[in-house]
Each structure stands twice: as C-alpha cells, then as structure tokens.
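Colleague: Once you've had a glance at the structure underneath, I'll fire off some questions.
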Amino acid sequence: MSRLTKLMGRRGRSYSLLTVLGLAVTVSLGCVLYGAVSYFEEVREKTTLNALDAIASGDLPRAAVLLRKASEDGDPAAIEYLTWLEARRGNYARALEYARSCSLNGSRLCLEVMGDLALLGFGDAQGSKAALSFFEQAVASEKSGEMRQAFYRDMLERALPLCRDLPSRLALVREGLRVGAPRARLAMGDILFLGDGLTRNPIEAVDMWQAARESGVNAATTRLAGAYWHGYGVNKDEKLALSLYREAADHGDPVACYSLALIALRDIPDPRIPDSHYREALELFDRAAAAQYGPASSALGILSFTAHPDDPTVQTAAAQWFNSAYKLMDSTGSILYALMLATGIGVAADKERAFTILYDEAQNGSDVAGDLLNALSHGDDPQILLHQTLAVCRQILMGEVFFREGAAEAAAYYADESLNLAYQYGVGAGESKVTVRTGTADGSQVMSHEEVVAATRRLPQRVVNPRTYRVDGQYLLLPSIGGVIVQSAPSTGARMFEVSSQPPRPPLPPVPPGYTGDPLKIEYAI
C-alpha cells in the first residue's frame, strides 16, 4: 500500500510538473505571439503615420505606397486614408476600389466617396438617386437623429459641385432644401435668379440668398450685395450694397473683393490722398487673385501692363498674371495671354499655342476669341490687337467707357424687358439715351446720360459705340474687343450651372492615435 502511495505521489508530482511546464510554455508562446502581434501592429501603425507625414509634406506618391502597405497589413485607418487620398487626387477607379472594401465595415467616409463617385459616373450605381442612397447608408448607423441629419446635410453640400447634369443638381438641391442645407439655399437662389432649369424669379432668389446668409454662407452676402447694387428683384440701395460687399470681403469672398475693387477704381478720389482709390483697388484685386479668382488676376495684369507698357519686367509680370487667369479658366486672361503669346511680348512667342487657346475659348462660347482667331489667321497685326485690347480693357476697368452690361449674370436681365426690374441701363449702337427703370414699367423714366451720371458717380462716364471708338486716333481693328472683359461691373457672383472638373472633397478621416503632426497640413496638402 505504501508503495502504491509513493508511486501515485511521484506520478502526481510529475503531472503537476508537466502542467506547470505546459502552462509556462503556453504563457511563453502567448507572450511571444502577443509581442509579435504588438510589434506588427506597431509597425503597420507607424507605416500609416509615416504616410500621413508624407501627405503633409506633399509627397503623395510615397504616401499612397505606404498606405497600401499598411492596409495590406490590416490597418483599418490606412484603407480609409487611401480612399480619401485617391478621391481627392482624382484617381476615381482606385478610390472606388478602396471605398468598396471599407464600406463593408460601414465606413461613413467610404460610403460618402461612393456617393460622390456615383455623381461622377463611376461604379455600378450612378446618378443622383444612387448618390443619395449611399449618403443615407453612410449616416444610417448614427444613433442621434440630429447628428444623422447634420452629417447628411454636410454630404449633400460637398456633393453639389460634383453634379454632371442639371437634373442631378436640381435633385440634390431640392433634397438639401428638404433637410435645411444652407448651401442648397444658395444654389436654389442662383437657379431662380438665373432661370437655370426653373422659371427666373429674382424676388424668390433674394429670399433664398437671405436665408443662406442667415445660416452663415458668406457667398450669399455677396449675392445680396450685387442684387442691391443693381436692383435685381429689390429696390436699388447702393449704401446697403457697399456694406454687404465689405462684410463679404472681410470674410474672404473673392467676388466681393473684386466688386469693391471696381467700385474703388470708379470712385471720386480723396484729393488729400492722391491715388488712394487706385491703391485700394489694387489691394482688393490682389486679395481676390490670392483666393484664385481669375478675373482679378486678369485685372492686375491689365492695370500693371498699361501703367508701364514699355517696361520688359512689367510685361513679363503681366504675362504671368494672364497665365494665372488662363489656368483658372478666366476668359479675359485666356484671350490676353493668347495675344501676348502671339506677339512674343512678356513671354516667348508661340503662335501655335496662342491659336489653340483662342480656339478653345471660341469653342466655349467666346465670340471675341473667335473674332481674334479669325483676324490673326488673316494676317492682322497681333501687336496692334494687343495694344488696342489692353487700352480698351483698362478704360472699361476704370469706368471711363462701357460697351455692354459688365456683370456676367446681367445679360439675361438686360435682355428681358418683361421683368420690370428696379434698375436697368444700357445703350445700343447709335443711341444717346440711357433708360433707367425705377419700380415697375409704369414708373419708368428716360434720362439723359448726363443725368444718370449725376445721379450716381460710380456709373461709367462714357457710353460708346465700339464701331466708332478710337484708340490713339485709330478705329478698333475688331469692335468686339470691347467684350474681352467679362466681369466689368460689381456682381452677385451667381453663375449658370457648368460641369466642374473639381474632384470630391470628403472630410479628412480621424487622425490615428500617436500622430503628432498638424492635420490641417494633411487637409490642405492636396
């Protein structure tokens, strides 16, 4: 019995020892495995953080490579950043691939990108209905109804510039109005003001703009300023218009800065401070140009060149301004840059490129670009054309002459006699009267041009017929060059719907823990 007891004791101790050893091995393996997993997690997370640093420094190709590696290693943050990066860069096929993979996890950002791409014509489901469905899915998991609607509104506002056709735009605007999106109110105001797909109604447009302004949309303040300056759908109120323009300009709106610059150029200068109005205008144009507003770059080029036309340094600077405006798709800058290329003034001569630019502008609807292309093709002197065009452009900017209504949106109102706007003016070829309408058609009155100028000093000083207008004693080779400047009057900034090349702008994904850089540098790196 004692032998059996001893034997069992020995076996018990052996089993206990084996158990302890087994536990020790298990714990050791667990620690090794945990350490390995932790190490790989740390490595992949560090890879993602390095990718974010690469984005912030502008090295987007390297960032994409690092993010792909981190996503292949299983980092969920990396796949969201890949989706965001490729969408912002315009690599839509890749963005869609990544968005599909992370949308399965309910990623709000990836579903938003899929909605954006549906508007751009990418994916199995396309168009506004598909986009709205993706946006609804993106916010469906949000428990708070208020937050769900806020996220949905933001998605709609970001998606508005991506619409590729007018019906899609109207669908998004109407959905935005349903949920109270401020920029949808701005967009509907533009649609009603311009009659872009709906019946033109400036009075309702002003109401929409006012609602957008009250919701904090700065561009709506500029819209209202232009309406009160010209009297579109409201009684003309120059004092209120100036106040609104200044408010919008103080908040960085480039159209407001440009409009104030035009007003400053045409204002009566303070005799105690020579050229104060001119310097103020240049500063405002510069602010608008810094905000990537093409017409402002064109204006700076015109004013600098015509102030010192024989200075090679100034000529080069003017050509750079026009080139900047051309890159921003401003018609005025594009035409003037083409003329400088045709002459070789301020830039190396390149007639082939000049002709290409003018041809493209003509295809986009610019009659004057077509006239210039035809004139140059038939041997007209490009230097005379450049000289006359710049001279006329300067006089229009300074308010010394005008050939037509100079706000882009005004053409529809100037041509439509049935609207009975509070204020319209214009002179056709050979006419010597300016018609000023106040209130309704029954209250219209006809004034001489001198009486109009006396009523408001900021109107252009001479209404001319371009066919009888002369520069340095010579008739204009092309009367149509009076239309080179598209934006020569204070404006609302409203524009007809055009298909934009702007890529989606989804919000920046959450910055991973441990990132010590500035997220704003990532946001603005693209």
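The values are calculated or read from the model by the stated rules, or taken from the named source; none is laboratory data. Predicted model only: the values in this text are computed from it and were never measured. Reconstructed Cβ throughout: ideal geometry from the backbone, glycine too, with neighbour counts over all protein chains shown. Calculation scope for accessible area: heavy atoms of the full protein, side chains included, ligands and nucleic acids excluded. Shrake-Rupley method; radii C 1.70, N 1.55, O 1.52, S 1.80 Å.
Colleague: Quick check: is even one residue across the range 494-516 at pLDDT below 85, more than 35 Å from the chain's Cα centre (by Cα) and among the hydroxyl-bearing types (Ser, Thr, Tyr)?
Modeller: no
Colleague: Give me a count of the residues in the range 220-244 that are at positive phi and of a type outside the set (Gly, Ala, Ser).
Modeller: Of all residues in the range 220-244, those at positive phi come to 231, 233.
Going one step further and asking which of them are of a type outside the set (Gly, Ala, Ser), we end up with none.
Looking only at that region, the number is 0.
One line per residue, one yes/no per condition, for (1) under 25 Å from His251 (Cβ atoms); (2) aliphatic (A, V, I, L, M):
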site: Gly123; (1), (2): no, no
site: Ala130; (1), (2): no, yes
site: Gln137; (1), (2): no, no
site: Leu170; (1), (2): no, yes
site: Gly195; (1), (2): no, no
site: Ala219; (1), (2): yes, yes
site: Ala225; (1), (2): yes, yes
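Colleague: Can you find a residue in the range 81-97 that is of a type outside the set (Ser, Thr, Tyr), open to solvent by less than 30 Å² (accessible area, probe 1.4 Å) and modelled with pLDDT under 90?
Modeller: No, because not a single residue in the range 81-97 is of a type outside the set (Ser, Thr, Tyr), open to solvent by less than 30 Å² (accessible area, probe 1.4 Å) and modelled with pLDDT under 90.
Colleague: Looking at Val113, is it under 21 Å from Glu498 (Cα atoms), modelled with pLDDT of 95 or more and not basic (Lys, Arg)?
Modeller: no
Colleague: Just name the residue that is surrounded by the most Cβ atoms within 10 Å (Cβ to Cβ) out of those in the range 141-198 that are touching a residue at least 40 places away in the same chain (Cβ under 8 Å) and basic (Lys, Arg).
Modeller: Taking the candidates together, the pick is Arg169.
Colleague: In the range 200-217, which residue that is in a loop (DSSP other than H, G, I, E, B) and under 16 Å from Gly231 (Cβ atoms) is least open to solvent (accessible area, probe 1.4 Å)?
Modeller: Per the criteria, the residue is Asn201.
Colleague: When residues of the range 220-234 are filtered for being touching a Gly at 6+ places or on another chain (Cβ under 8 Å) and open to solvent by 20 Å² or more (accessible area, probe 1.4 Å), how many remain?
Modeller: So the answer is 1.
Colleague: State all residues of the range 52-103 that are aromatic (Phe, Trp, Tyr) and either in contact with an Asp or Glu (Cβ under 7 Å, 6 or more places away or on another chain) or within 17 Å of Gly121 (Cα to Cα) (or both); if no residue qualifies, say none.
Modeller: Pass one, the range 52-103, residues aromatic (Phe, Trp, Tyr): 81, 84, 92, 98.
Tyr92, Tyr98 - these are the residues of the range 52-103 that are aromatic (Phe, Trp, Tyr) and either in contact with an Asp or Glu (Cβ under 7 Å, 6 or more places away or on another chain) or within 17 Å of Gly121 (Cα to Cα) (or both).
Colleague: Please return the ranges of helices (runs of 4 or more DSSP H) entirely within the range 243-339 where 1 or more residues are open to solvent by less than 10 Å² (accessible area, probe 1.4 Å) and farther than 22 Å from Ile481 by Cα. Even if it seems obvious, please write down each step before you answer.
Modeller: Numbers: elements: 254-266, 276-290, 294-307, 312-327.
Those helices (runs of 4 or more DSSP H) span 254-266, 276-290.
Colleague: Can you tell me which residue among Phe135, Phe122 is of a type in the set (A, V, I, L, M, F, W, C) and more than 16 Å from Asp154 (Cβ to Cβ)?
Modeller: Sole residue among the options that is of a type in the set (A, V, I, L, M, F, W, C) and more than 16 Å from Asp154 (Cβ to Cβ): Phe122.
Colleague: Val65: out of contact with any strand residue (DSSP E or B) (no Cβ under 9 Å at 6 or more places or on another chain), buried (at least 22 other Cβ atoms within 10 Å of the Cβ) and β-branched (Val, Ile, Thr), yes or no?
Modeller: Details: out of contact with any strand residue (DSSP E or B) (no Cβ under 9 Å at 6 or more places or on another chain): yes; buried (at least 22 other Cβ atoms within 10 Å of the Cβ): no; β-branched (Val, Ile, Thr): yes.
Here the answer is no, as Val65 does not meet what is asked.
Colleague: Could you please let me know if Gly74 is touching a helix residue (DSSP H, G or I) at 6+ places or on another chain (Cβ under 8 Å), at pLDDT below 95 and at positive phi?
Modeller: Details: touching a helix residue (DSSP H, G or I) at 6+ places or on another chain (Cβ under 8 Å): yes; at pLDDT below 95: yes; at positive phi: yes.
Yes.
Colleague: Filter the range 504-526 down to residues that are touching a residue at least 12 places away in the same chain (Cβ under 8 Å) and assigned to a helix (DSSP H, G or I) and give me whichever is least open to solvent (accessible area, probe 1.4 Å).
Modeller: Among them, the one singled out is Ile522.
Colleague: Pairs please, first residue from the range 362-381 and in contact (Cβ under 8 Å) with a residue 60 or more places away in the chain, second anywhere and surrounded by 14 or more Cβ atoms within 10 Å (Cβ to Cβ) and among the polar types (S, T, N, Q), Cβ atoms under 8 Å, 6+ apart in sequence or on different chains.
Modeller: Asp367/Ser480; Val368/Ser480; Asp371/Ser480
Colleague: Still on this structure, please answer the following. Would you mention how many residues in the range 118-139 are closer than 14 Å to Gly176 by Cα and crowded, with 24+ Cβ neighbours inside 10 Å?
Modeller: Counting residues in the range 118-139 that are closer than 14 Å to Gly176 by Cα and crowded, with 24+ Cβ neighbours inside 10 Å gives 2.
Colleague: Considering only the range 227-246, state which residues are closer than 17 Å to Asp207 by Cβ and among the small types (Gly, Ala, Ser).
Modeller: Ala227, Gly231, Gly233
Colleague: On to the next question. I'd like the residue in the range 474-488 that is in contact with a helix residue (DSSP H, G or I) (Cβ under 7 Å, 6 or more places away or on another chain) and not in a helix (DSSP H, G or I) and, out of all such residues, is farthest from Ala261 (Cα to Cα).
Modeller: Selected residue: Leu477.
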